[in-house]
Amino acid sequence: MDVPNTSGTSDRKVALVTGASRGIGRAIAIELARVNYDVMMNYAANREAADEASVAVRAASTREGVRVATCQANIAEASDREELLQKTRQQFGRLDLLVNNAGIAPEKRTDLLDATVESFDQLLDVNLKGPYFLTQAVARWMIEQRTSGEIGDYHPAIVSITSVSAYAASPERGDYCVSKAGLSMMTKLYAARLANEGINVYEIRPGVIATDMTAGVKEKYDRLIDAGLSPIKRWGTPEDVGRAVAAIATGMFPFSTGEVINVDGGFHLRRL
Ligand code: NAI
């Protein structure tokens, strides 16, 4: 049952996951429900997929009266970000965890020398500007919640889903790599700024994960994985990433901030 505390703020932890209608975001929302979070699921456009995902998230929770909501918002748009947070406030009254998951790959892989300004702007808007300013607004709200003292035992956190592309150079999708490298720096910046505010900030760096995003390059990665791209020779799953977020969400890394968690089958290891 949903038990409000004396201030009217629920005593249950709440997560906001961007891009939660499918793929990694959907799995993150499911794993968070499993560890008893209520979840606000943001999605870009596909309401049907978001509704289906919210049913799966609800089913994953063993908690009676788990609260799951969906909210359409383009995280690249300032007014949409504001509305997303307003709705989260109205429906849940508090926020413990922000997961910056929403992201896009370039519509077409293009050699660096032919890359377009349009694709660059689009990728940077969604993958970096959106999370940068959503995190800013969320951080202000989390600080407000902490200083109000209304929520006992409040240990908020922020997680961003970057990619091995934050450091591995792919000249046929430079815009994606630059956006993820920026998101990686964003994690360090907010970690440094928010430590004194009691907010820990983490980066999860997935490797090759089987989702709609990678469906178009499946054969290429099948071959690369077979040939030893990562020491663990398999595709990653959305659940692999979801579990890493759940570990953070359950407070398993209290003395770590700005930390990078590689969920990549060991791809990052240099080998000789
Ligand atoms: P996906 O394409 O299956 O899902 C992305 C989600 O983000 C979708 O729900 C989509 O609607 C949402 N989204 C896109 N633009 C949005 C916007 N402007 N506002 C709100 N939501 C928006 O992709 P996948 O694979 O689940 O990726 C999730 C995150 O993980 C992305 O940030 C991606 O860059 C990252 N990632 C994925 C890897 C993979 O191999 N699939 C590897 C490394 C990182």
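The numbers here are math on the coordinates, done by the rules we state, and not lab data. Just so we're clear, the structure is a prediction, and the values are computed from it rather than from any experiment. No Cβ is skipped: glycine too gets one built from the backbone with ideal geometry, and neighbour counts run over all protein chains shown.
A few notes on this one:
- In plain terms, the chain from Thr214 to Asp153 could stretch by 18.0 nm, reckoned as 0.36 nm per residue minus the Cα-Cα distance.
- If R0 is 25 Å, the Cβ-Cβ spacing of Thr237 and Glu82 corresponds to a FRET efficiency of close to 0.15.
- Distance-filtered residues of the stretch 207-247 - backbone nitrogen under 19 Å, label point 7 angstrom along Ala45 Cα→Cβ: 212-216
- Reachable lysines, given that their alpha-carbon falls under 18 Å from the alpha-carbon of Lys233 and they are not under 8 places away in the same chain: Lys218, Lys220
- Largest GNM mean-square fluctuation across Ala33, Ala247, Ala73, computed for the chain with C-alpha springs under 10 Å, falls on Ala247.
- In a fully extended conformation the segment linking His268 and Asp111 would gain 54.1 nm over its present Cα-Cα distance, using 0.36 nm per residue.
- The angle between the Cα long axis of helix 174-194 and the longest principal axis of the Cα atoms of the chain comes to about 30 degrees, rounded to the nearest 10.
- Taken one residue at a time, the phi angles of the stretch 131-148 give Karplus couplings (6.51, -1.76, 1.60, θ = phi - 60°) of x, 4, 8, 5, 4, 4, 5, 5, 4, 4, 5, 4, 5, 4, 5, 5, 6, 5 Hz. Gly and Pro are set to x.
- Within the shell of other residues whose beta carbon sits under 11 angstrom from the beta carbon of Asn101, the net charge comes to +2, with Lys and Arg scored +1 and Asp and Glu -1.
- Annotation: extensible slack from Ala247 through Asp226 equals 4.6 nm (criterion: 0.36 nm per residue apart, minus Cα-Cα distance).
- Calculated FRET efficiency for the pair Leu189/Phe255, C-beta based, R₀ 22 Å, to 0.05: 0.65
- Amide H contacts of Thr70 (H built 1.01 Å from N, under 5 Å, at least 5 apart or other chain): Met41
- Once backbone amide H atoms are built at 1.01 Å from N, Val263 has Arg205, Gly207 as its partners under 5 Å, excluding neighbours fewer than 5 places away on the same chain.
- Under the criterion of Cα pairs below 8 Å and six or more residues apart, the relative contact order for the chain equals 19 percent.
- Candidate lysines for bridging to Lys188, where Cα separation is under 29 Å - those fewer than 8 sequence places away on the same chain excluded: Lys13, Lys87, Lys129, Lys180
- Neighbourhood charge, 9 Å Cβ-Cβ cut-off, centred on Ala33 and excluding it, Lys, Arg +1 and Asp, Glu -1: +1
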